[in-house]
Amino acid sequence: MSKEYNVAILGATGAVGRRMIDQLAKSTIPVKSVKLLASSRSAGTHLKFRNQDLVVEETTPDSFDGVDLVLSSAGGSVSKKFLPEAVKRGAVCVDNTSAFRMDEDVPLVVPEVNPEALKNHHGIIANPNCSTIQMVMALEPVRRKFGLKQIIVSTYQAASGAGQAAIDELKKESQAYLDGKNMQEDAKILPTKGDKKHYPLAFNLLPQIDVLEDSGYSHEEWKMIHETKKIMLNDMNSKDIKVTATCVRVPVPIAHGESVYFTVEDESATAEDIMDVIADFPGDVLQDDIKNQIYPQPINAEGSRDTFVGRIRPDYENKGAFNMWVVSDNLLKGAAWNTVENAEYLVKMGLI
Ligand code: NAP
Ligand code: 3JN
């Protein structure tokens, strides 16, 4: 009989954690038991895994006794505190936070792109940032066939990237705006929770995701640049592909959009060639039919595990350069599904 796994979900009550429960239920992982972990705030909450009623427990180091697999999404400081404890107790952890992403001995994995990196794990595997995941999903088939020289990306990121509370904030502000009221008093989280100022997102755009650094870039932009290099080239500082990013929060609840400009080494590549390799790549769906106004949209991507790519067109003024538009559900492929998919690969590859 094949091995069955005792699984713990850390951050189970969150926007991502709830989707992890659902993705695990739909996965190919043979599950023996599931433990739902969060803080003392939600200990005692009842949630369902398949038809089982489960009670959320407060997380302590001993919560990981007897656990084989941890799916973690409770924020970076919680991961730093508890995942080494889980590893000590023999668990393998797939972590959806940035806590360990840049550690040398921690693979940063999108399973369709760099599954071999999983072989180098020492107990922790990191899930990349949602904006990075959907971009590398769209660009990896292009890199493999035509080589990539440069990426210039602008993101259009949904409110849910900042958690359930940010979705609630967007809804409240939208209602206030429609009622002719001042939205400022509802702005308590965005652009980023810990920062000094908060601005309304409803009917607005915020060119700040995560903190702004002395370099002039936001930390989200920094993540996109260095995570892309680590995933594609196994070197977070590689100069082999130049990457720059502008990250913007938009008043959309779920699913991030990205405008991606890229240049390839093989300048004979055409837009049709680019479409063909993307259409053939597992997990990518080509939605590119301009005569019929078919292109990716967040409202259609919500709830799907796929990455949708369209508006692929050449830059007619620069050879070997293209534009495209990429949309994916940031809470699924960008978070919960990629985490569970990494765990599926660990099982399939005999690495857990
Ligand atoms: P969320 O809706 O605010 O949920 C946070 C979860 O963490 C809740 O289950 C919360 O439990 C739990 N938690 C908070 N403090 C805890 C503690 N001290 N001990 C145990 N559990 C604790 O946030 P979310 O949107 O699901 O995101 C959660 C984290 O996932 C983020 O902080 C981020 O690190 C990561 N994330 C990554 C991506 C990505 O790009 N890959 C995208 C989104 C989020 P309570 O119910 O008890 O408060
Ligand atoms: O804002 C978004 O759209 C994505 C947010 C991701 C996020 C939010 C809070 C903390 C992260 C992440 O995964 O990079 C983190 C974090 O763990 O640093």
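Coordinate-derived values only; no laboratory data. Bear in mind that the values here come from a model prediction, so they are computed numbers and not experimental data. For neighbour counting, all protein chains shown are included, and Cβ atoms are generated from backbone atoms with ideal geometry for every residue, glycine included.
At-a-glance table
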{"quantity": "Answer residue from region 332-346, given it is touching a strand residue (DSSP E or B) at 6+ places or on another chain (Cβ under 9 Å) and among the hydrophobic types (A, V, I, L, M, F, W, C) and is nearest to Asn129 (Cα to Cα) among those", "calculated": "Ala336"}
{"quantity": "Those residues of region 100-119 which are in a loop (DSSP other than H, G, I, E, B) and either away from ligand 2 (no atom under 16 Å from the Cβ) or not β-branched (Val, Ile, Thr) (or both), in sequence order", "calculated": "Phe100, Arg101, Met102, Asp103, Glu104, Asp105, Pro107, Pro111, Glu112, Val113, Asn114"}
{"quantity": "Matching option when the condition is in contact with a helix residue (DSSP H, G or I) (Cβ under 7 Å, 6 or more places away or on another chain), of a type in the set (Lys, Arg) and under 25 Å from Ala162 (Cβ atoms), among Arg50, Arg101", "calculated": "Arg101"}
{"quantity": "Selection count where residues are surrounded by fewer than 22 Cβ atoms within 10 Å (Cβ to Cβ), small (Gly, Ala, Ser) and assigned to a helix (DSSP H, G or I), scope region 135-151", "calculated": "0"}
{"quantity": "Identity of the residue in region 12-28, within 11 Å of ligand 1 (Cβ to nearest atom) and assigned to a loop (DSSP other than H, G, I, E, B), that ends up surrounded by the fewest Cβ atoms within 10 Å (Cβ to Cβ)", "calculated": "Thr13"}
{"quantity": "Region 57-84 - residue that is farther than 21 Å from Trp337 by Cα and buried (at least 18 other Cβ atoms within 10 Å of the Cβ) and, of those, farthest from ligand 1 (Cβ to nearest atom)", "calculated": "Phe64"}
{"quantity": "Conditions (1) away from ligand 1 (no atom under 15 Å from the Cβ); (2) free of Cβ contacts under 8 Å to residues at least 40 places away in the same chain; (3) not hydroxyl-bearing (Ser, Thr, Tyr); number of the one not met by Asp210", "calculated": "(1)"}
{"quantity": "Qualifying residues in region 306-338 (those that are within 16 Å of ligand 2 (Cβ to nearest atom) and farther than 25 Å from Asp280 by Cβ) - the one nearest to the chain's Cα centre (by Cα)", "calculated": "Ala335"}
{"quantity": "Filter result for the condition that a residue is touching a Phe, Trp or Tyr at 6+ places or on another chain (Cβ under 9 Å) and of a type in the set (D, E, K, R), over Glu227, Glu265", "calculated": "Glu265"}
{"quantity": "Residue within region 69-88 that is part of a loop (DSSP other than H, G, I, E, B) and over 25 Å from Val211 (Cα atoms) present", "calculated": "no"}
{"quantity": "Any hit, region 39-55, residues being within 16 Å of ligand 2 (Cβ to nearest atom), closer than 24 Å to Glu302 by Cα, of a type in the set (A, V, I, L, M, F, W, C) and not in a helix (DSSP H, G or I)", "calculated": "no"}
{"quantity": "Which listed residue is of a type in the set (Val, Ile, Thr), more than 19 Å from Val248 (Cβ to Cβ) and within 13 Å of ligand 2 (Cβ to nearest atom), from Thr97, Thr132, Thr155", "calculated": "Thr97"}
{"quantity": "Residue selected from region 152-193 under the condition hydroxyl-bearing (Ser, Thr, Tyr) and either buried (at least 23 other Cβ atoms within 10 Å of the Cβ) or not in a helix (DSSP H, G or I) (or both), by the criterion farthest from ligand 1 (Cβ to nearest atom)", "calculated": "Ser154"}
{"quantity": "Candidates Asp105, Asp95 - the one that is out of contact with any His (no Cβ under 6 Å at 6 or more places or on another chain) and over 14 Å from Glu258 (Cβ atoms)", "calculated": "Asp95"}
